[in-house]
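Read through the structure below, which is laid out as structure tokens, and then see the notes.
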Amino acid sequence: MATERTLSIIKPDAVAKNAIGDIIARFEKAGLKVVAAKMLHLSEEKAGGFYAEHKERPFFKDLVGFMTSGPVVVQVLEGDDAISKNRELMGATNPKEAAPGTIRADFAETIDANAVHGSDSPESAEREIAYFFGNDEICPR
Ligand code: IDP
């Protein structure tokens, strides 16, 4: 197993539900360490840049509207196989298809407001972490 870092975002719907602590507890109980964290209210430009790969998709405008609708908590999680472990904890993109006990099954109802984001590959983790954090904001533990 490789020690990895991944970017997690607790999205505006989960922040509005006061679920920040419950979600971070799941990461920590699974052995992932929070090595950076901050709360942000994303601008359209910042949210649009983050999801640039979806720019041509029909849901892009709604996605940016949702991601800028309230504050988010962005974190860097570190641990063994952190990228795939976080994706397992999150569950499927559509909460209706997410396995029982996953974050999306427990905290989200719809695909447009699905509680969390997690990097899906080492390449996206590297890009996404650098999109939100400078090296001096990450605290190895
Ligand atoms: P992921 O968040 O599970 O990695 P992606 O395919 O990267 O899923 O999509 C990014 C985000 O875009 C999703 O989390 C979801 O909020 C939104 N999204 C994806 N597909 C759809 C769709 O078909 N309709 C509405 N929103 C979508």
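The values are calculated or read from the model by the stated rules, or taken from the named source; none is laboratory data. Everything numeric here is computed off the predicted structure, so don't read it as measured data. Virtual Cβ from ideal backbone geometry, glycine too; neighbours counted across all protein chains shown. Note: areas computed on protein heavy atoms with side chains; ligands, DNA, RNA excluded. Shrake-Rupley method; radii C 1.70, N 1.55, O 1.52, S 1.80 Å.
Sorted from greatest to least, the principal axis extents spanned by the alpha carbons of segment 9-97 come out as 36, 25, 23 Å. I'd like the chymotrypsin sites (Phe, Trp or Tyr not before Pro) in segment 1-95 restricted to DSSP loop residues with at most 11 other Cβ atoms within 10 Å, sorted by number. For chymotrypsin sites (Phe, Trp or Tyr not before Pro) across segment 1-95 that sit outside H, G, I, E and B with at most 11 neighbouring Cβ atoms in 10 Å, the list is empty.
Of the residues GLY118, GLY49, GLY91, the one that moves most in a GNM of the chain with alpha-carbon contacts below 10 Å is GLY49.
Here is how the number arises for the chain: DSSP H runs of 4 or more residues each give -39500 (n - 2.57), the sum is divided by the residue count, and the result at 222 nm is -10500 deg cm²/dmol. Ordered from largest to smallest accessible area (heavy atoms of protein chains, 1.4 Å probe), the residues ILE24, ILE111 come out as ILE111, ILE24.
When only Cα pairs below 8 angstrom with a gap of at least 6 residues are kept, the chain shows a relative contact order of 37 percent.
Determine the distance separating the Cα centre of segment 105-141 from the Cα centre of segment 15-62; give it in Å without decimals. Cα centres, segment 105-141 to segment 15-62: 6 Å.
A cut-off of 5 Å between modelled amide H atoms, ignoring neighbours fewer than 5 places along the same chain, links ALA108 with no other residue. Lysine pairs, Cα distance under 15 Å, 8 or more residues apart or cross-chain: how many in segment 29-141? The number of close lysine pairs in segment 29-141 is 5.
At R0 = 22 Å, how high is the FRET efficiency between LYS29 and ILE138 if r is their beta carbon distance? Nearest 0.05 is fine. Show your work: numbers first, answer last.
Working: r = 22 Å, r/R0 = 0.99.
So, using R0 = 22 Å, E works out to roughly 0.50.
With all protein chains in place and a 1.4 Å probe, the accessible surface of segment 1-115 carries 52 percent carbon and sulfur. Per residue, the solvent-accessible area of the chain (1.4 Å probe, heavy atoms of protein chains only, all protein chains present) comes to 52 Å².
So for segment 56-96, taking the charge dipole from beta-carbon charges (+1 Lys/Arg, -1 Asp/Glu), which of LEU77, PHE60, GLY91 sits furthest toward the positive end? Towards the positive end, the residue furthest out is PHE60.
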